[in-house]
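Taking it in order: structure first as structure tokens, then the write-up.
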Amino acid sequence: MSQPRQLHLFASGSARAARLWRHPGIHNDTPSLRRELIEKAHIAEKAKFDGMFFADVHNYGPRDTWGYKLPEDFEPFTTAAALSFVTERLGLAITGSTTLQAPYHVARQLLSLDHLNGGRTGWNVVTSFSQAAADNIGAQPLASHDERYAMADEALDVVKKLWDSWDDDTIIEDRKSGVFQDVDKIYVPDHHGAYYDAKGPIGARRSPQGQPVIFQAGSSPTGSAFAARHAEVIFTAHGAVDQAVAFADQVQKTALAAGRPRRPLITPALQVTVGSTDAEAKAAEREVYEYFSPEFQARWLLEFEIDVTHAPLDGPVPESAFPDATSGHQTALAGYRKLAAESSTVREFLFRTGSHWGARSTGSAEQIADTIQDWFESGAIDGFVVGTSGLPGQLRAFAEQVVPLLQERGLFRREYTGHTLRDHLGLEAPINRNRVS
């Protein structure tokens with residue numbers, strides 16, 4: 001008898017909401033930030049979350065935002081490595097760019113981390129869209145949107161070849177002869193492609209989980225097609241269940257057409273504000289509104305080619321704020337257009353951009369659990385990447401009030417049944433490509 005579907009939950013690894021540093025309950029020194037990250041990981045692991053999800057960019061944002069934001073911009077590979085040593089089961093999904101990071105370096109970093117944490121690593125594959133990020137590494141002008149996905153196709157192939165450099169039984173450790181490994185089972189990829197060259201091999205045995213789990217976060221037509229071919233988990237953002245159902249249906253069709261037996265898992269963003277009552281939750285949301293910075297949000301949106309910096313805050317969002325087209329982040333642009341259409345003022349639009357364009361749920365634990373159950377049972381999603389407003393105590397409130405309700409309803413695990421991220425997600429370990437005839 002097949003087991004019933006189970007939710008998958010990830011905590012957002014974002015260190016702190018930039019708009020809330022003025023809140024009196026938040027401490028802005030580096031030691032406090034470090035403690036908060038460790039506390040967040042402990043809360044998520046105690047609640048049996050699948051993992052933490054770390055987004056990333058390769059630049060500090062538009063200059064006009066600098067005066068409003070915190071200086072800490074911790075690099076996710078380093079952050080996840082640090083958290084590996086204060087957790088035992090929690091997965092760690094890290095964003096890495098196929099546009100700005102060499103496949104060999106990404107492959108080596110992720111595989112090293114996967115060995116250090118016992119097979120709990122995931123790679124969120126992104127195609128960077130910011131020219132400012134490219135400028136930080138001396139890159140030429142960025143390729144077009146679709147070409148960046150062609151680069152990602154090849155980069156992912158190179159990384160997987162490198163991960164399969166060692167067979168599962170390469171290590172023989174013959175102390176008598178002094179031979180540690182069978183060199184006939186060490187494979188040299190010697191890749192020479194349209195975009196990348198990498199000889200290899202990587203000097204590391206195969207991952208404890210076969211390979212790190214592949215996440216992907218694009219929802220444009222090209223990005224969705226890439227995810228349907230390659231991703232094991234898709235991170236996306238949809239504000240309504242019907243949008244999520246349509247997206248899941250399309251991914252299912254594309255995955256089947258690509259020869260995959262089933263679609264990837266889908267875990268969109270969900271921002272929650274939890275209260276013991278609905279009134280308390282709404283009061284918390286008003287508190288967030290009090291401390292958010294419209295000046296920061298307006299300038300931050302310049303990164304996406306959206307300009308409302310001169311628009312009256314209490315007036316409507318002008319159509320002229322949006323570019324006619326972009327070769328940048330198409331998913332973001334479409335999402336923000338939708339938010340603007342749903343917002344009565346620029347101020348409301350800017351406040352809502354703080355939670356991006358994904359799903360939101362504000363209310364009592366019961367209300368939030370109902371929302372999650374409705375989305376899950378629609379078949380559109382397999383779980384959520386849970387983010388909070390940045391108010392102190394919100395992730396703990398979700399873990400201690402909402403998660404037990406999901407467990408009581410039989411929707412979420414009470415205990416971990418495995419140790420690797422693949423175990424948590426119910427994913428099989430990939431077979432080494434060098435063993436496939």
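The values are calculated or read from the model by the stated rules, or taken from the named source; none is laboratory data. Please read these numbers as outputs of a predicted model, since none were measured by experiment. Every residue, glycine as well, gets a Cβ built from its backbone with ideal geometry; the counts of neighbours run over all protein chains shown.
Being under 20 Å from Val402 (Cβ atoms) and modelled with pLDDT of 90 or more is true for just one of Leu256, Leu270. Which residue is that?
Unique residue meeting the criteria: Leu270.
Identify, please: which residue in region 414-433 is basic (Lys, Arg) and not in a loop (DSSP other than H, G, I, E, B) and is, among those, surrounded by the fewest Cβ atoms within 10 Å (Cβ to Cβ)?
Across region 414-433, the extreme among qualifying residues is Arg433.
Take Gly118 and tell me if it is among the small types (Gly, Ala, Ser), part of a strand (DSSP E or B) and either under 23 Å from the mean Cα position of the chain (by Cα) or surrounded by fewer than 23 Cβ atoms within 10 Å (Cβ to Cβ) (or both). Considered against the rule, which asks whether it is among the small types (Gly, Ala, Ser), part of a strand (DSSP E or B) and either under 23 Å from the mean Cα position of the chain (by Cα) or surrounded by fewer than 23 Cβ atoms within 10 Å (Cβ to Cβ) (or both), Gly118 comes out as no. Does Thr222 fit the bill of being at pLDDT below 95 and touching a strand residue (DSSP E or B) at 6+ places or on another chain (Cβ under 8 Å)? In short, no.
Per-residue answers, yes or no, for (1) surrounded by fewer than 18 Cβ atoms within 10 Å (Cβ to Cβ); (2) basic (Lys, Arg); (3) at pLDDT below 95:
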position	(1), (2), (3)
Ile372	no, no, no
Trp375	no, no, no
Gly379	yes, no, yes
Asp382	no, no, no
Val403	no, no, no
Gln407	yes, no, no
Phe412	no, no, no
Ser437	yes, no, yes
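Scanning region 144-166 for residues that are out of contact with any Phe, Trp or Tyr (no Cβ under 9 Å at 6 or more places or on another chain) and either small (Gly, Ala, Ser) or over 25 Å from Ala225 (Cα atoms) (or both) yields one hit, Ser144.
Can you name the residue in region 91-115 that is touching a helix residue (DSSP H, G or I) at 6+ places or on another chain (Cβ under 7 Å) and assigned to a strand (DSSP E or B) and is also surrounded by the most Cβ atoms within 10 Å (Cβ to Cβ) among such residues?
Start the filter on region 91-115 by keeping residues that are touching a helix residue (DSSP H, G or I) at 6+ places or on another chain (Cβ under 7 Å), which leaves 91-92, 94-96, 98-100, 103-104, 106-107, 109, 111, 113.
Then keep just the ones that are assigned to a strand (DSSP E or B); that gives 91-92, 94-96.
On the way: Gly91: 29, Leu92: 27, Ile94: 27, Thr95: 22, Gly96: 24.
Per the criteria, the residue is Gly91.
There is at least one residue in region 73-82 that is under 21 Å from Gly119 (Cα atoms), within 20 Å of the chain's Cα centre (by Cα) and in a loop (DSSP other than H, G, I, E, B).
Under the condition of being of a type in the set (S, T, N, Q) and not in a loop (DSSP other than H, G, I, E, B), which residue from region 198-224 is surrounded by the most Cβ atoms within 10 Å (Cβ to Cβ)? For region 198-224, the residue satisfying everything is Gln216. Checking each residue in region 46-69 for being more than 19 Å from Asn136 (Cβ to Cβ), touching a residue at least 12 places away in the same chain (Cβ under 8 Å) and either surrounded by fewer than 18 Cβ atoms within 10 Å (Cβ to Cβ) or hydroxyl-bearing (Ser, Thr, Tyr) (or both) picks out Lys46, Tyr68.
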